[in-house]
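The values are calculated or read from the model by the stated rules, or taken from the named source; none is laboratory data. Note that the structure is predicted; figures quoted are calculated from it, not measured. Heads up, the Cβs are rebuilt from the backbone with ideal geometry, glycines too, and the neighbour counts pull from every protein chain shown.
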Ligand code: DX5
Ligand code: ZN
């Protein structure tokens, strides 16, 4: 079985104590920190910007997995790179030139991801897959934590897994939205190797984070 990485979404953390929360999930054994950036335009919610990413950077050495749900996105890529992002993921639905955005992220020396909304077909990756480091399959419509996993996305994960394997390159396949201990098993079986989880990581408070992360790993 693949090495599965757990990337808690800090959207479900206590925003008044974000630094402590990031340290707590690091100590609880997660692999990446997933940071959801929303603009009130591409998605109907507002979250955090580069200043917060920068403020969090000293609190952990784990990779910052920055999921940009903003449009237009290109003007913000430098700011997130400078703030300490390691992986920067963009949505093709958010702009007309996704390939340009990928080139831009790579030129900043960062890993580049492409995220597909639930209605966006895997085929969109045909002319991007050779240039990217990560595919993010959205298993909910982006904008909010706490939504239910959309089962049709399992077929998309299977399709993307085949595309990735055909490249022979090391590309992560991440699933985001409604991931809990049950849907985690289904997503892994379909080929995912990075699990984003907000609600399922932070439920029950700090004493539960380690057990919650272990449960996502199937332990
Ligand atoms: C949704 C975000 C997700 C979300 C996941 O737009 O991209 O990362 O916060 O939250 P849960 O795990 O609660 O579905
Ligand atoms: Zn996300």
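Among residues of the stretch 123-148 that are under 21 Å from residue 46 (Cα atoms) and in contact (Cβ under 8 Å) with a residue 60 or more places away in the chain, those with a beta-carbon under 6 Å from a residue that is near ligand 1 (Cβ under 8 Å from one of its atoms) and in a helix (DSSP H, G or I) at least six positions away or on a different chain give the pairs 145/11; 145/12; 145/199; 146/199. Only one of the listed residues (66, 73, 53) is farther than 24 Å from residue 179 by Cα and within 16 Å of ligand 2 (Cβ to nearest atom). That residue is 73.
Comparison of 2, 8, 44 shows that the only residue that is assigned to a loop (DSSP other than H, G, I, E, B) and within 15 Å of ligand 1 (Cβ to nearest atom) is 44. Considering 43, 66, the condition of being crowded, with 19+ Cβ neighbours inside 10 Å and either touching a helix residue (DSSP H, G or I) at 6+ places or on another chain (Cβ under 7 Å) or free of Cβ contacts under 8 Å to residues at least 24 places away in the same chain (or both) is satisfied by 66 alone. If you go through the stretch 11-30 and keep only what is crowded, with 19+ Cβ neighbours inside 10 Å and outside any helix (DSSP H, G or I), you end up with 13, 28, 30. In the stretch 137-190, the qualifying residues are those that are exposed (fewer than 15 other Cβ atoms within 10 Å of the Cβ) and within 14 Å of ligand 2 (Cβ to nearest atom), and the one that is nearest to the chain's Cα centre (by Cα) is 141. Candidates 200, 211, 192: the one that is out of contact with any helix residue (DSSP H, G or I) (no Cβ under 9 Å at 6 or more places or on another chain) and either at pLDDT 95 or above or not in a helix (DSSP H, G or I) (or both) is 211. Exactly one residue among 68, 77 is within 20 Å of residue 144 (Cα to Cα) and at pLDDT 95 or above, and that residue is 68.
Please go through the stretch 121-136 and pick out each residue that is surrounded by fewer than 19 Cβ atoms within 10 Å (Cβ to Cβ) and touching a strand residue (DSSP E or B) at 6+ places or on another chain (Cβ under 8 Å). Within the stretch 121-136, 124, 128, 129, 131 meet the criteria.
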